[in-house]
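*Asks:* Take this structure, written in C-alpha cells, and hold onto it; I'll ask about it next.
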Amino acid sequence: MREVAGKVAFVTGGASGIGLGLAKVLVRAGMKVVLADLRQDHLDEALAWFRGQGHLAEVLGLRLDVTDRTAYAQAADAAERAFGKVHLLVNNAGIGLLGPLKLAGYSDWDWGLGVMIGGVINGIQTFLPRILAHGEGGHIVNTSSMAALIPINNAAIYVTCKAAMVGLSEVMRGELAADGIGVSAFCPGPVQTNIRESGRTRPEALKAGSGYAELERQLEQRANSPLWMDPVECGERILAGIRRNDLYILTHREFKEGASQHYEALLASFPDEPVDTARAQNIRYLLGNPVFAEEIGKKRKK
C-alpha cells in the first residue's frame, strides 16, 4: 500500500492516543478513516477536532467494543456503507493491564486476553474476508509493544497478549503476501496516550475477582512524560512502515540494545553440538521462514 490516497482505513482504539494520531496522519495523506472506539467521550472529542480542521467528511466515528463479534460485523457494514471498500485494518485497541502475576485473577486474564487477543482476532475474521473479496490488496497492522521484545516484570498478561501479536503478524505475513496484503507488527515504546485510563473501560462483569483494582486507580494518576513520543509522530512512523511494507514497525531507537540482548540470550541457549543432518532434513519445513530473510534483505538495501 505505497499509495494510500483515496483508500479507506478502519482503526480500532481510533479516537485517542496512537489511534487518533494515526487517523490524523492518514486523513492528511488522503484516506478516509473509520474511528472505532469504546469510549463515546473520546469519539466526540476526536470528531470535534476533525470538524474544526474541516475534515469531518473524511472520518466516521463508531462506538465499538472489539470483543463483541456481532457489533464488529455491524461496524464493518457501516464503514463500507459510508466509505466503500476497506483496505487498511489497524488492530490498535488495547488496555494498560499491569500488576504482579501473584495478584491476577481470572477476570484480569479474561479482560486482557479478550481485548488484546480476542479483539484482534475479531478484526481479522471480520475484515480479512472483505479485503480478499474486493481483490485490491491492502494492509493489516497488529499493535504489539516494545514489551513484547523486551518483556518487563509486573506485566505478564500484557506481555502475553503483545508477544502473541508478533507471532501472529509473522505468520499472517507469509500467508497473505500472495494476495497482495501486507502485515506489520507495530511495537511502540512510550507514547502520550490515555492507556492509563484503561480501568474506566473494564466491564462490570470482569471487576469481581480482579486483583488489580487498586493498581488501576494508581495507574490513572500517572502523568504522561513530555519525553514520550507524540501520537502524531507515532502515526507518521506507522504510515511510513505501511508504505514500505515493513514486517516490524518500531518507534524508539533506545530499545535496540535491550532487544539484541534478548535474542542473544535465546541464541546462546541452543545446545552446543553438531547438527543432526538427517533430522534437519526430515524437519526442514520447520527450520526457517522466508519472511525473515526477505525483511533482512529489504533492510540491507536501504
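The values are calculated or read from the model by the stated rules, or taken from the named source; none is laboratory data. This structure is a prediction, so every number in the text was calculated from the model and none was measured. Cβ placement follows ideal geometry from the backbone for every residue including glycine, while neighbour counts extend to all protein chains displayed.
*Asks:* Test GLY180 against the criterion of being small (Gly, Ala, Ser), over 28 Å from GLY288 (Cα atoms) and in contact (Cβ under 8 Å) with a residue 12 or more places away in the chain, and give yes or no.
*Replies:* No: the conditions fail for GLY180.
*Asks:* Under the condition of being in contact (Cβ under 8 Å) with a residue 12 or more places away in the chain and not in a loop (DSSP other than H, G, I, E, B), which residue from segment 217-230 is farthest from LYS24 (Cα to Cα)?
*Replies:* ARG217
Residues checked against (1) surrounded by fewer than 17 Cβ atoms within 10 Å (Cβ to Cβ); (2) farther than 27 Å from CYS187 by Cβ:
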| residue | (1), (2) |
| --- | --- |
| VAL59 | no, no |
| ALA78 | yes, yes |
| PHE83 | no, yes |
| TRP111 | no, no |
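*Asks:* Report the residue count in segment 125-150 for those that are outside any strand (DSSP E or B), surrounded by 17 or more Cβ atoms within 10 Å (Cβ to Cβ) and free of Cβ contacts under 8 Å to residues at least 60 places away in the same chain.
*Replies:* 8
*Asks:* Another question, then. So THR160 fits all but one of (1) of a type in the set (S, T, N, Q); (2) touching a strand residue (DSSP E or B) at 6+ places or on another chain (Cβ under 9 Å); (3) surrounded by 15 or more Cβ atoms within 10 Å (Cβ to Cβ); what number is the exception?
*Replies:* (2)
*Asks:* Within segment 1-112, considering only strands (runs of 3 or more DSSP E) that don't extend past its boundaries, which have at least 1 residues that are small (Gly, Ala, Ser)?
*Replies:* Ranges flagged: 8-12, 32-37, 59-63.
*Asks:* Moving on to the next point. Taking the stated definitions as given, is ASP65 among the acidic types (Asp, Glu) and under 18 Å from the mean Cα position of the chain (by Cα)?
*Replies:* yes
*Asks:* I'd like the residue in segment 183-205 that is modelled with pLDDT of 95 or more and hydrophobic (A, V, I, L, M, F, W, C) and, out of all such residues, is surrounded by the fewest Cβ atoms within 10 Å (Cβ to Cβ).
*Replies:* ALA205
A quick yes/no check of all residues on (1) in contact (Cβ under 8 Å) with a residue 24 or more places away in the chain; (2) outside any helix (DSSP H, G or I); (3) within 24 Å of ARG28 (Cα to Cα); (4) β-branched (Val, Ile, Thr):
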site	(1), (2), (3), (4)
LEU215	yes, no, no, no
VAL232	yes, no, yes, yes
GLU236	yes, no, yes, no
GLU254	yes, no, no, no
GLU264	no, no, no, no
PRO271	no, yes, no, no
GLN281	no, no, no, no
GLU295	yes, no, no, no
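*Asks:* Pairs under 8 Å by beta carbon, first residue touching a residue at least 24 places away in the same chain (Cβ under 8 Å) in segment 36-49, partner part of a helix (DSSP H, G or I) and hydroxyl-bearing (Ser, Thr, Tyr), six or more apart or different chains?
*Replies:* LEU38/THR201; ARG39/THR201
*Asks:* Another question, if that's okay. Suppose we filter ARG69, ARG39, ARG2, ARG63 for residues that are in contact with a Lys or Arg (Cβ under 6 Å, 6 or more places away or on another chain) and either farther than 26 Å from LEU132 by Cβ or surrounded by fewer than 21 Cβ atoms within 10 Å (Cβ to Cβ) (or both); which single one remains?
*Replies:* None of the other options fit; the residue is ARG2.
*Asks:* Another question, if that's okay. Step by step: first the residues of segment 266-302, then only those that are of a type in the set (A, V, I, L, M) and over 27 Å from VAL183 (Cβ atoms), then the one that is surrounded by the most Cβ atoms within 10 Å (Cβ to Cβ). Which residue is that?
*Replies:* ALA280
*Asks:* Would you call ALA23 in contact (Cβ under 8 Å) with a residue 40 or more places away in the chain and under 23 Å from LEU219 (Cα atoms)?
*Replies:* No; evaluated as a whole, the condition is false for this residue.
*Asks:* While we're here: What is the number of the single condition among (1) of a type outside the set (S, T, N, Q); (2) buried (at least 18 other Cβ atoms within 10 Å of the Cβ); (3) assigned to a loop (DSSP other than H, G, I, E, B) that ILE242 does not meet?
*Replies:* (3)
*Asks:* Give segment 170-199 a look and list any residue that's among the aliphatic types (A, V, I, L, M) and in a helix (DSSP H, G or I), or say none.
*Replies:* VAL171, MET172, LEU176, ALA177, ALA178, ILE195
*Asks:* On the basis of being within 15 Å of ASN92 (Cα to Cα) and at pLDDT 95 or above, does MET172 make the cut?
*Replies:* no
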